[in-house]
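Reading through the structure tokens given below for one structure.
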Amino acid sequence: MTEGYIKFNCVWDQKEIGIPEDLFQTLENSRSRLYELGLIGMYPDGIGFGNISVRSDDGSFIITGTATGQFAHLNQSHYAIVSGYNFGQNSITCAGITKASAESLTHAAVYEALPEVGAVVHIHCLWLWEKLLNEYPTTSGEIEYGTPEMAVAIQQLISGMNVDEKIIVMGGHREGILAFGSDLNEVTPEIIKIYNEYQND
């Protein structure tokens, strides 16, 4: 399995999508802050990592597109709307100039399990991952990311979590951490706060 480029089934309607300007600015502001800290970006081998999403009123969600980690700033063409998904078939339906991230099913798993969640952030940070591993709810190290098993594992973890726990460590996805909450204005500062606290620990 090649990190960052999971071969999942994607029904992709390659077309322009419209994101309301205020929502787009919220997405960009949050992503830029995470990018500046190196929590979203691209590895030297060209593989991108990290993504963010927000849920829409109709149940779909907007997510950063695949292979966009290299860019410090995105435009609307770098985002996609996921309108449908199937965990068992490892498939999504999306629209946008750029195909939705391979991590879309992971985001979908959180949204399905917690209707009150409006935003999900997926970051990579090895030292933070090592500190949070098994300190926060953690998926099995045997479950690879971008798989139906990961989506199921995340939902199982969520069902047993306290209401104030909004971080999941992906045990089988080295460096991968999920954070979620009501919106990006809640989630982004919270994950940055944890990053800063453990960095100074």
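The values are calculated or read from the model by the stated rules, or taken from the named source; none is laboratory data. These figures come from a predicted structure and were not determined experimentally. FYI the Cβ positions are ideal-geometry reconstructions off the backbone, even for glycines, and counts take in every protein chain you see.
Observations on the model:
- Of note, Ile52 does not satisfy the criterion of being aliphatic (A, V, I, L, M), at negative phi, modelled with pLDDT under 95 and under 16 Å from the mean Cα position of the chain (by Cα).
- Residues in the range 148-167 that are of a type in the set (A, V, I, L, M) and surrounded by 12 or more Cβ atoms within 10 Å (Cβ to Cβ): Met150, Ala151, Val152, Ala153, Ile154, Leu157, Ile158, Met161, Ile167.
- Condition check for Leu105: among the aliphatic types (A, V, I, L, M), in contact with a Pro (Cβ under 9 Å, 6 or more places away or on another chain), closer than 23 Å to Trp12 by Cβ and surrounded by 16 or more Cβ atoms within 10 Å (Cβ to Cβ): yes
- Strands (runs of 3 or more DSSP E) fully within the range 1-99 counting 2 or more residues that are in contact with a Gly (Cβ under 7 Å, 6 or more places away or on another chain) and hydrophobic (A, V, I, L, M, F, W, C): 79-86
- Residue within the range 173-182 that is of a type in the set (Lys, Arg), under 29 Å from Gln89 (Cβ atoms) and without any contact (Cβ under 8 Å) to a residue 40 or more places away in the chain present: no
- Odd one out for Ile97 among (1) crowded, with 17+ Cβ neighbours inside 10 Å; (2) among the hydrophobic types (A, V, I, L, M, F, W, C); (3) in contact (Cβ under 8 Å) with a residue 40 or more places away in the chain: (1)
- Here the helices (runs of 4 or more DSSP H) wholly within the range 100-201 that include at least 1 residues being of a type in the set (S, T, N, Q) are 104-113, 148-159, 184-199.
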